[in-house]
1. For residue 104, which sequence-distant residues (separation of 5 or more, or a different chain) have an amide H within less than 5 Å of its own amide H, given hydrogens modelled in the peptide plane?
2. Please report the relative contact order for the range 1-81, taking Cα pairs under 8 Å with a sequence separation of at least 6, and give it as a percent rounded to a whole number.
3. Count charges around residue 26 for me, please; just the other residues with Cβ under 11 Å from its Cβ, Lys/Arg as +1, Asp/Glu as -1.
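What follows is calculated from the coordinates using simple rules that are stated; it is not laboratory data. Keep in mind that this is a model prediction, so the values were computed, not measured. Here Cβ is always computed from backbone atoms with ideal geometry, including for glycine, and neighbour counts include all displayed protein chains.
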Amino acid sequence: MAETPERTAAIRRGDREVLGQVVRDALPSLLRAARAAGLAQDAAEDAVQDAVLVLVRRAPEFDGRARVNTWLHGILAHKIREARRAVARHQDHDEIDAMIEARFRPDGRWAKPPRRPDDALTQRELRHQIAHCMDTVSAVQRQAFMLREVEGFTTSEVCKILDVSANNLGVLLFRARNRLRECLEHHVNRSDDDAVV
């Protein structure tokens, strides 16, 4: 979805009121995205601040073909990558083939169908457990999941923001969902075992 010509023109000329509103509207989402990417609170705030400064500095380059929020998240994704390199974080390199083989039979059906975690957990416990399980997902997978599933960006927008192909995004989301499901199932199974004792 593109920006309106009027809003694009206001952004390009650096209209303080319009840019201020853009930042105010995007700030909560930007902070969530930075935290979801695995940055500590202070590093997340620094990355967001850097992204906003780039937005202001490069406002005349904004062409309006995408939403300014998408552009800003793309800038943030670049700042997050810079922050990761600065702290020398390593990426998760687990093999997707091994995960697929463990989860599915040769005919493509579930080897063991996933249980619904909310069958055994209250909503409050589930929210707490989801927050805990999000920490088990790699930073880039968590960022992709948050942008797509929580923030509601389209696949093409998330691909632009993270600078990945649609296939790569699919793998990231697949891995994130499986990690979350595995973690939640583990908690449910542990809760069931505790209830039996």
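1. Answer set, sorted by chain and number: 111.
2. Details: 73 pairs, mean separation 37.5, N = 81.
Computed value for the range 1-81: 46 percent relative contact order.
3. Values: positive: 24, 32, 67; negative: 25, 151.
With Lys, Arg at +1 and Asp, Glu at -1, the net is +1.
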